[in-house]
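Trainee: The structure that follows is given in the form of structure tokens.
The values are calculated or read from the model by the stated rules, or taken from the named source; none is laboratory data. None of the values given here were measured: they were computed from a predicted structure. All Cβ positions, glycine included, derive from the backbone under ideal geometry; neighbour counts span all protein chains shown. SASA here: full protein model, heavy atoms, side chains in, ligands and nucleic acids out. Shrake-Rupley method; radii C 1.70, N 1.55, O 1.52, S 1.80 Å.
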Amino acid sequence: MVQSGMNQERVEKIKKTREKILEILEGYDLNNLSIVTLGSHSALNILKGAKEEGFKTVCLCREKEKIIYESFPVADELIPIEDYSDLLNEEMQERISEMNGILIPHGSFNAYIGNLEKLRIPIFGNRELMYWETIREMQHEWLKKAGLKIPRIIEKPEEINRLVIVKFPGAKGGKGYFLATDYEEFLKKSKEMVEKGLAKAKDFKSAFIQEYILGTNVYFSFFYSPLLDRVELIAIDRRYEADVDSLGKVPSAIQLKLDLSPTYTVVGNFPVVLRESLLSEALKAAKNVVEVSKEIAYPGMVGPFCLEAVFDENAEMTVFEISARIVAGTNTGIPSSAYSYILWGENMYMGRRIARELRLAAEKGDMRDLIF
Ligand code: AMP
Ligand code: AMP
């Protein structure tokens, strides 16, 4: 277990990076900002929201996905890239800062770029918390500090003595996850995942093994507004996962014969409206997570974050994961979810909510609290 993600050296380094980024922001014309993101994940959501709030929008996009951003013209400018990591090129960063570009990070930043240390363009959000998100043990520490009920972690595969879900580094969106009840099953399924090309043998040396919580999955997308100092529930969704969501279509006798081993590759999301009394637990959890974020990663949470939860047969909530940025489940909340409409009384969704916060800060002439 990671005892603490923050040693003094790291704190100093983060402070310096932040100072540099704020210096770049000083040179920006806040009345002429561009909202920039990578073409994937929730870019339609982010760019549509930014346009609705009156910003210029820019999408860095690979040839493969170009058809999406041509079919839905939410970007004023499409910049072709070969790979998502082109964002880190010096010339690209220069080009974006010349257009007063603010980057909106999403799932592809963590999945395909990883270390954002080379990135000196202002980001809406807290890049240190995005780093916490990438290390499962650190996420766990954060959730624990916030007092949330979380699944037990099994330190070694040999110690598996209950139903567990096995995740490994680099696995994204549930691809290659599997269930096991003991060590033998762990070995058998690991081998199967490698044979199917869903994982590499070396991945399982550092597998993250978590108690599997039987229940209903609910993903809460919140927004913490530093300007209004409040946590807003923007949308709730659940995932549509291959091939675990297709198991019910196969009779159990056939499942047994085939010895099926489902995985959790995400292919889409559904909107969810929660039983109202259950909202209190989720809202309290979100507030606690924000409080702890201020202790572990100055200046704390900025903007979107997601709590991934399971509600069991007693309707008790266990949180198994946190994302410190927009998640793709918020795409179900366009133009509004029940919750964002109740709160705002107008169409509001995560991409637009991000842009609204930026617009309000730009109008005040101070964006420092939103940027890292
Ligand atoms: P993509 O650009 O679609 O490959 O997505 C980038 C990252 O976000 C990957 O790690 C995906 O697994 C994850 N992701 C994409 N869409 C979703 C979704 N609808 N729900 C959850 N995760 C997603
Ligand atoms: P994740 O990549 O952590 O978001 O997990 C992908 C999927 O695996 C989730 O959408 C759930 O269906 C499932 N899952 C992950 N962890 C757990 C857990 N501890 N208990 C139950 N289901 C889980």
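Trainee: Explain nothing, just the number: dipole magnitude of region 58-181 about its Cα centre with +1 on each Lys and Arg Cβ and -1 on each Asp and Glu Cβ, in debye rounded to the nearest 20.
Mentor: 940
Trainee: Can you tell me which of 245-256, 313-324 comes out highest on packing, and rank the rest after it, using the mean Cβ neighbours within 10 Å?
Mentor: Descending mean neighbour count gives 313-324, 245-256.
Trainee: Given points 7 Å out from each Cα along the Cα-Cβ axis, report the LYS294 to ASN89 separation in nanometres with one decimal.
Mentor: Here the modelled spin labels are 4.2 nm apart.
Trainee: Moving on. So for region 220-318, averaging the separation of alpha carbon pairs under 8 Å that are six or more residues apart and normalising by length, what relative contact order in percent results?
Mentor: It rounds to 35 percent for region 220-318.
Trainee: Then there is this: Post the alpha-carbon centroid distance, region 297-320 to region 96-147, in whole angstrom.
Mentor: For region 297-320 versus region 96-147, the Cα centre distance is 17 Å.
Trainee: If you don't mind, there's one more thing I want to ask. For the chain, what is the convex hull (Cα atoms) projected area averaged across all directions, in square nanometres?
Mentor: So the Cα hull casts an average projection of 19.1 nm².
Trainee: Students often forget the sequence filter, so: which lysines lie under 25 Å Cα-Cα from LYS20 once same-chain residues fewer than 8 apart are removed?
Mentor: LYS56, LYS118, LYS294, LYS364
Trainee: Under a cut-off of 19 Å between alpha-carbon atoms, report the lysines in cross-link reach of LYS200, not counting same-chain residues fewer than 8 places apart.
Mentor: Partners found: LYS156, LYS167, LYS172, LYS175, LYS188, LYS189, LYS191.
Trainee: In addition: If contacts are Cα pairs under 8 angstrom and at least 6 residues apart, what is the relative contact order of the chain in percent?
Mentor: About 21 percent, as a whole number.
Trainee: Under 10 Å, Cα contacts only: if you run a Gaussian network model on the chain, which one of ARG275, ARG239, ARG152 comes out with the highest mean-square fluctuation?
Mentor: ARG275
Trainee: Write down the accessible area per residue of the chain in Å², having rolled a 1.4 Å probe over the full set of protein chains.
Mentor: Each residue of the chain exposes 47 Å² on average to a 1.4 Å probe.
Trainee: Taking the alpha carbon gyration tensor of region 8-124, what are the square roots of 5 times its eigenvalues, largest first, to the nearest whole Å?
Mentor: Semi-axes, largest first: 24, 17, 12 Å.
Trainee: Same structure, new question: Report the charge-dipole magnitude of region 265-372 in Debye, nearest 20, computed about the Cα centre from +1 at each Lys and Arg Cβ and -1 at each Asp and Glu Cβ. Before the final figure, lay out the partial values.
Mentor: Details: 11 positive and 14 negative charges, 105 e Å.
The dipole of region 265-372 has a size of about 500 debye.
Trainee: Once you have all Cα-Cα distances for region 153-211, histogram them in 5 Å bins from zero and send the whole-percent values.
Mentor: Whole-percent P(r) values from 0 Å outward: 4, 22, 36, 26, 11, 1.
Trainee: For the pair GLU23 and GLU211, how long in nm is the line joining their label points, each one 7 Å along Cα→Cβ?
Mentor: 4.9
Trainee: Provide Rg and Dmax in Å for region 162-297, with only Cα atoms included in the calculation.
Mentor: Every Cα atom of region 162-297 included, Rg and Dmax give 18.3, 57 Å.
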